[in-house]
Amino acid sequence: MTQQYLEKEEPAEEASLIDQIGKTPLLRLDRIAPKNVGLYAKLELCNPGGSVKDRCALSMVLDAENNGRLKPGISTIVEASSGNTGIGLALISAARGYKLIITIPEKMSIEKKNLLKAYGAEVIATPNVPHSDPESYIEVAKRIAKETPNAVFLDQCNNQANARAHYETGREIYRQMNRKKISALIAGAGTGGTISGTGSELKRLCPGIKIIGVDPEGSVLSGGEDRPYKVEGIGYDFIPKTLWPGVVDEWIRVSDKTAFEFARRLAREEGILAGGSSGAAVYAALQVVQRYTSEKDNVVVILPDTGERYLSTVYNDEWLASNGLL
Ligand code: P1T
């Protein structure tokens with residue numbers, strides 16, 4: 001082989017799966033967005049576990065190892081997750097020698113539960129009840145962690161290592177935009193870790209940027225009324241400690257129907273197969289780009305996960321029809 005080819009190769013023995021978390025592409029959405037404003041999508045589905053939550057999972061594990069709470073080969077990790085944090089933890093646990101127990105609400109897709117099992121995690125599905133109910137996924141996780149020897153509950157809604165992971169997400173976006181002005185960042189919020197860490201870092205690097213949160217109708221994060229909704233990963237029935245006050249400048253609320261419609265448009269018009277929370281974020285981003293008229297303005301939207309884990313829901317016409325969402 002010539003030197004020219006060799007220089008581009010990363011030696012296989014030096015690359016670990018965990019090192020591949022982050023460094024996701026930032027792409028211009030040319031077809032779905034109006035031509036005059038740059039709309040850029042951060043493709044978090046390119047993480048090894050298929051979602052932005054790999055970053056949170058790695059950060060919480062490294063933090064707990066550094067402060068001595070987690071011991072590889074000995075500890076059991078317990079977490080309550082809508083699935084993606086669980087999947088991130090599952091691949092890290094496999095690589096580092098932890099047992100993993102994930103509690104997940106029933107309403108989450110069958111693909112997520114099957115993926116968790118495929119990585120060797122123990123999956124406990126819990127009823128779709130309020131967070132304070134003793135049978136909720138969060139309360140069950142706390143109970144299991146207390147009753148299991150050497151178990152650690154990572155607690156992503158209170159664990160600041162979750163949000164801190166996303167300072168780097170913000171720096172990646174800043175570097176990838178390569179000195180172009182970023183006028184607004186649009187991101188959904190579940191725990192709020194993504195928008196808090198990314199948003200606060202971008203506020204530091206790009207003074208004047210607007211940080212816009214995306215919340216499903218039925219979540220209380222944006223001050224709405226608590227009621228059931230279908231989109232997975234965003235919204236809560238309480239305000240997590242990882243949603244930092246003062247970062248989000250404005251919220252845009254999105255219905256299930258709109259979130260799923262825009263996820264499907266993203267697949268068909270841009271070739272990006274992403275989840276329902278990405279659809280909600282793209283809808284919100286398209287509202288925001290309409291406010292700008294200058295070619296100098298650019299908007300960045302975070303697309304949190306792959307659509308492959310919603311083939312039975314968002315991308316299934318019968319499921320949509322049976323839920324009145326087609
Ligand atoms: O938690 P946060 O950083 O605010 O990310 C929100 C989010 C958006 N989209 C999807 C598909 C997600 O899975 C999430 C958050 N997910 C979890 C909280 C979880 O346990 O997987």
Item to check | Charge dipole (the chain, unit charges on Cβ, about Cα centre) - positive-most of Tyr283, Thr258, Tyr310 | outcome: Tyr283
Next on the checklist: At 1.4 Å probe size, put Trp251, Trp244 in order of accessible surface, largest to smallest.
Outcome noted: Trp251, Trp244
Checklist entry - How big is the C-alpha Rg of the chain next to the rule-of-thumb value 2.2 N^0.38 Å, as a ratio? => result 0.98
Next on the checklist: Under a crude label model (7 Å from the Cα following the beta-carbon direction), how far is Ile18 from Cys46 in nanometres?
Outcome noted: 2.3 nm
Next on the checklist: Can you give me the C-alpha center-to-center distance between segment 286-310 and segment 137-215, rounded to a whole angstrom?
Outcome noted: 18 Å
Checklist outcome for this item: Eigenvalues of the alpha-carbon gyration tensor of segment 20-86, times 5 and square-rooted, give semi-axes in Å, largest first, of 35, 11, 9
Checklist outcome for this item: Net charge near Gly324 (other residues with Cβ under 12 Å of its Cβ; Lys, Arg +1; Asp, Glu -1) is +1
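Please state the charge dipole magnitude for the chain, taken about the Cα centre, from unit charges on C-beta atoms (+1 on K and R, -1 on D and E), reported in debye and rounded to the nearest 20. Numbers along the way, then the final one.
On the way: 39 positive and 41 negative charges, 149 e Å.
The dipole of the chain has a size of about 720 debye.
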Next on the checklist: So if I take the alpha carbon set of segment 53-156, get Rg, then get Rh from the Kirkwood formula, what is the Rg over Rh ratio?
Outcome noted: 0.94
Item to check | Cross-link partners of Lys71 among lysines (Cα-Cα below 25 Å; sequence separation of 8 or more within a chain) | outcome: Lys53, Lys99, Lys117, Lys142, Lys146
Next on the checklist: As a test question: what accessible area, to the nearest 10 Å², does Glu270 have when a 1.4 Å probe is rolled over all protein chains in place?
Outcome noted: 30 Å²
Checklist entry - Name the GluC sites (Glu not before Pro) in segment 162-205 that are in a loop by DSSP and that have at most 14 other C-beta atoms within 10 Å, would you? => result none
Item to check | Rounded accessible area per residue of the chain, 1.4 Å, Å² | outcome: 44 Å²
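Do you know the relative contact order of segment 53-156, to the nearest whole percent, from alpha carbon pairs under 8 angstrom that are 6+ apart?
31 percent
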Next on the checklist: For q values of 0.20, 0.24 Å⁻¹, compute log₁₀ I(q)/I(0) with the Debye formula on a Cα-only model of segment 201-317, without solvent.
Outcome noted: -1.16, -1.39
Checklist outcome for this item: In debye to the nearest 20, the charge dipole size for segment 38-92, taken about the Cα centre with +1 at each Lys and Arg Cβ and -1 at each Asp and Glu Cβ, equals 20 debye
Next on the checklist: Once neighbouring chains are kept in place and the probe is 1.4 Å, which whole percent of the accessible area of segment 53-156 is contributed by carbon and sulfur?
Outcome noted: 53 percent
Checklist outcome for this item: Ignoring ligands and nucleic acids, Val123 exposes an accessible area, probe 1.4 Å, in Å² to the nearest 10, of 30 Å²
Next on the checklist: Just to confirm a number: summing +1 for Lys and Arg and -1 for Asp and Glu over residues other than Glu172 whose beta-carbon lies under 15 angstrom from that of Glu172, what do you get?
Outcome noted: +4
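The values are calculated or read from the model by the stated rules, or taken from the named source; none is laboratory data. Please read these numbers as outputs of a predicted model, since none were measured by experiment. Using ideal geometry, Cβ is built from the backbone for each residue, glycine included, and neighbour counts are taken over all protein chains shown. The accessibility values were calculated without ligands, DNA or RNA, using every heavy atom of the protein model including side chains. Shrake-Rupley method; radii C 1.70, N 1.55, O 1.52, S 1.80 Å.
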